[in-house]
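Inspection log for the structure reproduced underneath, given as structure tokens.
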Amino acid sequence: MAFLGTAARRVMACQKPLLPLCHATTRCYSSQSTHTTEKSVPYEKTLKQEDGISGPTKPLPKFADVVVIGGGSLGCQTLYHLCKLGMTNVVLLERDRLTAGTTWHTAGLLWQLRPSDTEVELLAHTRNVISSELEEETGLETGWIQNGGLFIASNKQRLDEYKRLMSLGKAYGIESYVLSPAETKDLYPLMNVKDLYGTLYVPKDGTMDPAGTCTTLSRAATARGATVIENCPVTGIQIKVDDLGIKRLKAVETAHGTIQTPCVVNCAGVWATKLGKMAGVNVPLIAMHHAYVVTERIEGIQNMPNVRDHDASVYLRLQGDALSVGGYEHNPIFWEDVSDRFAFSLFDLDWDVFMQHIDGAVNRVPALEQTGIKSTVCGPESFTADHKPLMGEAPEVRGFFLGCGFNSAGMMLGGGCGKELAHWIIHGRPEKDMYGYDIRRFHHSLTNNNRWIRERSHESYAKNYSVVFPFDEPLASRNMRKDPFHQVLQEQGCVFQERHGWERPGWFNRDGPAPDRNCSVFFITHIILDYDYYSKEYTFDFPPHHYVIRDECLTCRNAVAVFDMSYFGKFYLTGPDAKKAADWLFTADVNKAPGSTVYTCMLNKRGGVESDLTISRLEPSPAHLPLTPESNGEAYYLAIGGGVAQHNWSHIQAVLQDQGFCCTLIDHTEDMGMISIQGPKSRELLQEVLDSDLSSDAFPFSTHKIVNAAGHKVRAMRLSFVGEMGWELHIPKESCLPVYHAVMAAGAKYGICNAGYRAIDSLSIEKGYRHWHADLRPDDTPLEAGLAFTCKMKTSIPFLGRKALEAQKAEGLRRRIVCFTVDEKVPMFGLETIFRNGVPVGHLRRSEFGFSIDKTIGYGYIRNPDGGVVSPDFVRSGEFTLERMGVTYKATAHLKSPFDPENKRVKGIYG
């Protein structure tokens, strides 16, 4: 008999494949060699086609409202949820049989707790669909097994991460427990607990069966009118260009006919990139081998929970009276030439790569050392640059949606994502905040950059089981986009963050230049270059450079600081319908006098905030790019957070197209840098650099001018994102360094310092300014977020989302953002649960330490447990606590910012 521990090592020594002890009927495939081994997956059935069957299983319709391509978990879930939302003329095309690509061999694990509130909600919906909804609807069992989940912690940091998950779970009513090693041994007697720090036990986690689930989903969808057609590969996508020059979906081609359709959903898994190319759409994912082995029977393993030992990079999935053993290795194998003939097929298992999981599994469950291997499973999976799926409408073609790149999580995220994708297609936007999955989170310059996709996906795969620290930064494929200040700031000790491909300042090391974060992908299979330097940032405590961020913040509050914000998106909106477009797009009335700048939001139809940004109205003028576009009428300058610039660009373009506005949106992000000079000394400093009167009468808050700075023309804006008097300088690229050096030279006598985004995070939350995609998201309205002042509700001007806001205002707010402060010096990072009078009412979205008020400060949305209105009195009358890693702290609730609530400082009123 072959044993998991000793036999695997023996196999590696002789380089021969291990003979499994059971035989399967699945086809074998290898791009490198023929197989000498048969393999099987641990399910009683698959949907494998029988030999001799060819051609579509049903006739193709001439037209469909939506065509879903790919019959795996995501395809079937999306089809089902489209039908649940009332669509009937929908078609699913599968090139082979349902699940034939990657779904059929997936492990099918479902864990309820993740370090993301959105993912917790998505997982909850999947669990509900699989465990009860489908069976109630169809009378068919999906194969759901609720055997629980157990996360293993071998060190304090890992256990702290699990405690964070436990605390977040309380906001959602998810039962979980932190167990001691002894309690873990009682729960799982076969487990070695000698090296454990503790565990997190979630009793209602479980296991899904892919074939049973997809069969039931397809039957439920067809019962509602959908058509599922197997054995029908897609051979082409037809695109049409409308009268406005916009590319739109026209039809799906197959060898057996063409289906006219305005909408396609790409759920093709590892084949999604090829399908995207048919439509001229970039799909930034990569295929890798992903493997597990199935053991023989293990006495005493029955009914045990599934196990994730993250530090050993291994999972143990209960399979009846056996275990499936797998994980994420540091040196995965790429599938270089994705074959269209691959269906219900597997690769040879590379024991050199897989052996690291065996060592971890045997250490955790010693009985595995003498347990036989029943089968090996090594199949393809698709992975992405940030280990998150690719969803939403592609920027290149209207009507082409993505539902792919699920990083081996397609089963457990499928239900929630299928529902959101269906809402996206039908209503234009999903219900939840799906920005973290939206294809528009990536800048278009990255989605077709094969090196970036490969190296970043490799790193994300290797780090999948790493502790999720608050300030983790990618190391692979850095320096893709650098602004003109990059080198000079690096020489001054700048430690950069990466956003949207840009390198932006995080904080400034006092001991000289920091090591470059950019590493070859080679680092992943070895020790990370300079890891010891950057590993100090990876903590759930205050980081070692906490005092550096403090000094940057207090210098800004007491003197003056300069922030490099060049990564901001910088767009011009011009054309005959620019005013109509601005009225419709932006919540604020931006049609002030030329020279004015307005802070505003952009909404979706449901009133959710798609963006917050500043809009500056320009004088009609000839072109002097990049500072002024050519305009004979209305023209606007849009300054947008750089990490979400592609999202904003795509949103604006879609609205312009849907409304038929005759406008031009021009991107000059790369052509300009931007520095922000902030603090009580900013006026004195800049008065020595700029040739304009900076007094409040001559240059009031929320205005802008073209001025000369050290002999260079720049656009100066009196704005602040930190709550101080200050100006932004928007500078043509070639003038950036001379202007920066002039500012620093003039600022020396005022004690000027460079400051980064870690300081901005602290300063802005202290003042109560929102960060989009943190305390302001597409599932929040301006009314809930305390931004009603940005909405022109007192005018009669219609704008996108206005009707939803009017309805919400009339009904009353069911949730509201609240500021909380904690007197104890304890770090919080968001996801801490909020309790009102001992009852969970929400969780923090964002938290930082406020150095001016000397307290931890956080913002979160709270609800009324009774479902009623959340009024100011509801907030004032409650006693609040925040739970961090299982420990409760008293908190004070504020309806206004505790720092400068009268907004005097931004107006230059000090003292």
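The values are calculated or read from the model by the stated rules, or taken from the named source; none is laboratory data. None of these values were measured; they are calculated from a predicted model. Virtual Cβ from ideal backbone geometry, glycine too; neighbours counted across all protein chains shown. Heavy atoms of the whole protein, side chains included, go into the accessibility calculation; ligands, DNA and RNA do not. Shrake-Rupley method; radii C 1.70, N 1.55, O 1.52, S 1.80 Å.
Could you please let me know if Lys855 is in contact with a Cys (Cβ under 8 Å, 6 or more places away or on another chain), open to solvent by 40 Å² or more (accessible area, probe 1.4 Å), on the phi < 0 side of the Ramachandran plot and not acidic (Asp, Glu)?
No.
Taking into account only those residues within region 285-334 that are aromatic (Phe, Trp, Tyr) and either at pLDDT 95 or above or outside any loop (DSSP other than H, G, I, E, B) (or both), which is farthest from Tyr437 (Cα to Cα)?
Among those that are aromatic (Phe, Trp, Tyr) and either at pLDDT 95 or above or outside any loop (DSSP other than H, G, I, E, B) (or both), it is Tyr292.
Go through the residues of region 507-516 one by one and say whether even a single one is open to solvent by less than 10 Å² (accessible area, probe 1.4 Å) and at pLDDT 95 or above.
No, region 507-516 contains no residue that is open to solvent by less than 10 Å² (accessible area, probe 1.4 Å) and at pLDDT 95 or above.
Take Ser466 and decide whether it is at pLDDT below 95, touching a helix residue (DSSP H, G or I) at 6+ places or on another chain (Cβ under 8 Å) and open to solvent by 10 Å² or more (accessible area, probe 1.4 Å).
yes
Looking at Thr856, Thr821, Thr781, Thr795, can you tell me which residue is of a type in the set (Ser, Thr, Tyr), over 24 Å from Val468 (Cα atoms) and not in a loop (DSSP other than H, G, I, E, B)?
Every option except Thr821 fails the conditions.
What pairs come up if the first residue lies in region 787-800 and is in the same structural domain as Phe661 (by the TED database), the second is of a type in the set (Gly, Ala, Ser) and buried (at least 17 other Cβ atoms within 10 Å of the Cβ), and their beta carbons are under 8 Å apart, counting only those six or more places apart or on different chains?
Thr790/Ala588; Cys791/Ala588; Lys792/Ala588
Considering only region 87-110, state which residues are of a type in the set (Ser, Thr, Tyr), under 22 Å from Arg317 (Cβ atoms) and either part of a loop (DSSP other than H, G, I, E, B) or open to solvent by 20 Å² or more (accessible area, probe 1.4 Å) (or both). Reasoning before the result, please.
Pass one, region 87-110, residues of a type in the set (Ser, Thr, Tyr): 88, 99, 102-103, 106.
Cutting the leftovers down to under 22 Å from Arg317 (Cβ atoms) gives us 99, 102-103, 106.
Thr99, Thr102, Thr106 - these are the residues of region 87-110 that are of a type in the set (Ser, Thr, Tyr), under 22 Å from Arg317 (Cβ atoms) and either part of a loop (DSSP other than H, G, I, E, B) or open to solvent by 20 Å² or more (accessible area, probe 1.4 Å) (or both).
Tell me the residue from Gly149, Gly139, Gly169 that is under 30 Å from Tyr80 (Cβ atoms) and either surrounded by fewer than 17 Cβ atoms within 10 Å (Cβ to Cβ) or over 25 Å from the mean Cα position of the chain (by Cα) (or both), please.
Gly139
Against the condition in a helix (DSSP H, G or I), in contact (Cβ under 8 Å) with a residue 24 or more places away in the chain and open to solvent by 10 Å² or more (accessible area, probe 1.4 Å), how does His423 come out, does it pass?
Values: in a helix (DSSP H, G or I): yes; in contact (Cβ under 8 Å) with a residue 24 or more places away in the chain: yes; open to solvent by 10 Å² or more (accessible area, probe 1.4 Å): yes.
Spelling it out, His423 is indeed in a helix (DSSP H, G or I), in contact (Cβ under 8 Å) with a residue 24 or more places away in the chain and open to solvent by 10 Å² or more (accessible area, probe 1.4 Å).
When the residues of region 438-463 are filtered to those that are open to solvent by less than 10 Å² (accessible area, probe 1.4 Å) and not in a helix (DSSP H, G or I), which remaining residue is farthest from Leu421 (Cα to Cα)?
The selected residue is Leu446.
Report, by residue number, each residue of region 798-818 that is part of a loop (DSSP other than H, G, I, E, B) and open to solvent by 50 Å² or more (accessible area, probe 1.4 Å).
At the first step, the residues of region 798-818 found to be part of a loop (DSSP other than H, G, I, E, B) are 798-801, 812-814.
Hits for region 798-818 are Pro798, Arg814.
Out of all the residues in region 828-853, which are farther than 11 Å from Ser762 by Cβ and not in a strand (DSSP E or B)?
Result: Met828, Phe829, Gly830, Leu831, Glu832, Asn837, Gly838.
Which of the residues belonging to region 532-556 are under 24 Å from Gly673 (Cα atoms) and among the charged types (D, E, K, R)?
Result: Glu552, single match.
Mind checking which residues of region 747-779 are small (Gly, Ala, Ser) and surrounded by 19 or more Cβ atoms within 10 Å (Cβ to Cβ)?
Within region 747-779, Gly747, Ala755, Gly756, Ala759, Ser762, Ser764, Gly768 qualify.
Which condition number in (1) in contact (Cβ under 8 Å) with a residue 60 or more places away in the chain; (2) under 13 Å from the mean Cα position of the chain (by Cα) is the one that Arg429 fails?
(2)
Can you name every residue in region 748-769 that is free of Cβ contacts under 8 Å to residues at least 12 places away in the same chain and within 19 Å of Asn903 (Cα to Cα)?
Selection gives nothing.
Mind checking whether some residue in region 38-61 is in a helix (DSSP H, G or I), at pLDDT 50 or above and charged (D, E, K, R)? Step through it out loud before you land on a result.
Step one: list which residues in region 38-61 are in a helix (DSSP H, G or I), which gives none.
No: region 38-61 contains no residue that is in a helix (DSSP H, G or I), at pLDDT 50 or above and charged (D, E, K, R).
State which residue is surrounded by the most Cβ atoms within 10 Å (Cβ to Cβ) when the search covers only region 194-242 and only residues that are among the small types (Gly, Ala, Ser) and in a loop (DSSP other than H, G, I, E, B).
By that ranking, first place goes to Ala226.
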